[in-house]
Amino acid sequence: MIERQDNSTTTTLFSIIIAVYNDWAPLDQCLRSLAEQKNGVSFEAIVADDGSSEAAPEIIRRWGECYPLTMIRLSHAGISTARNQGVQASKGKILVFVDADCRLQSNCLAALAATVADFPQHNYFQLHLVGDCVGTVGKAEELRLAMLQEHMLQPDGRIRYLNTAGFAVRKSAVDVAQGVFDPVALRAEDTFLMAALMQRAELPFFVANATVEHAIPLSVLECLRKDLRSIYLEAKTYDLIASKGVRFRVGYGERFAMVWSMWKASGSRSFGRRPWFVVTGRQGLRLIASYVYRCFRAVRLTP
């Protein structure tokens, strides 16, 4: 079911596509950040509800009074399918994907519009992601994102990193009917897309001044539980990537360099060391669980 609130007669530049699953409280803040965008960049917001237990509350629908808002109610089929439905309902020339727990800084869309116009040779754009630095989890996210983006940035301005917390693509570069994301990837769908771009040697261009803040509404323990629930599906996605012959995972030397970089950064900022232990603890848990998954998989495949 599609519910569209749109009285605009102007050409739409951006379609902001947000997939949600029972994320109404953080989504309200995300939509508020869209209402606070400066410099009059034209956009629409598309909320693709991936089968939430309850329909969108009135606090979400009211943002349709501020800008064009489309609500899509779907059966639960995964975030990739939800985002692709948003693509099919879009009217903008540029598709922008953000997560429900993200907030765009007030000049984000204006900065992205300028970059898109200045670099017509690029079709894919990775926005600058930051943590909200509220509490240990927020500081850990800032530490992780800063390290990844610094480490993966290439000399030509492109980046070997894709995160749908803030990602954009020219609509002309995608097959709208097929969608942007492959539904076979139930988790790590942005990593799966990145692998496809790497095969085509088409890395996203990094937009350093278009900033999106990722505010994780979870405690450390809740993050660890979420990680454990996600690891199996993410491991299956990495198996699919490996089957395509794409080398995506970083080596142990590169991983150690990033961990050491975060350690130094945590000491030079006012964070303290606790966020570093949270990041490395989560990554260590993922590595151990991924290793266990591969061992079980190897045993099952052994005659």
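The values are calculated or read from the model by the stated rules, or taken from the named source; none is laboratory data. Nothing here was measured: the structure is a model prediction, and the numbers come from that model. Here the Cβ is made from the backbone with ideal geometry for all residues, glycine too, and neighbour counts use every protein chain on show. For accessibility, only protein heavy atoms count, side chains too; no ligands or nucleic acids. Shrake-Rupley method; radii C 1.70, N 1.55, O 1.52, S 1.80 Å.
What is the number of the single condition among (1) open to solvent by 40 Å² or more (accessible area, probe 1.4 Å); (2) touching a Lys or Arg at 6+ places or on another chain (Cβ under 6 Å); (3) closer than 25 Å to Val278 by Cβ that Asn123 does not meet?
(3)
Listed residues Ala56, Ala35, Ala48; which is open to solvent by less than 30 Å² (accessible area, probe 1.4 Å) and at pLDDT 95 or above? Step through it out loud before you land on a result.
Values: Ala56 fails: at pLDDT 95 or above; Ala35 fails: open to solvent by less than 30 Å² (accessible area, probe 1.4 Å).
Among Ala56, Ala35, Ala48, only Ala48 is open to solvent by less than 30 Å² (accessible area, probe 1.4 Å) and at pLDDT 95 or above.
So if I check each of Glu189, Glu213, which one is crowded, with 19+ Cβ neighbours inside 10 Å, acidic (Asp, Glu) and farther than 22 Å from Arg286 by Cβ? Steps first, please.
On the way: Glu189 fails: farther than 22 Å from Arg286 by Cβ.
Just a single option satisfies the conditions, and that option is Glu213.
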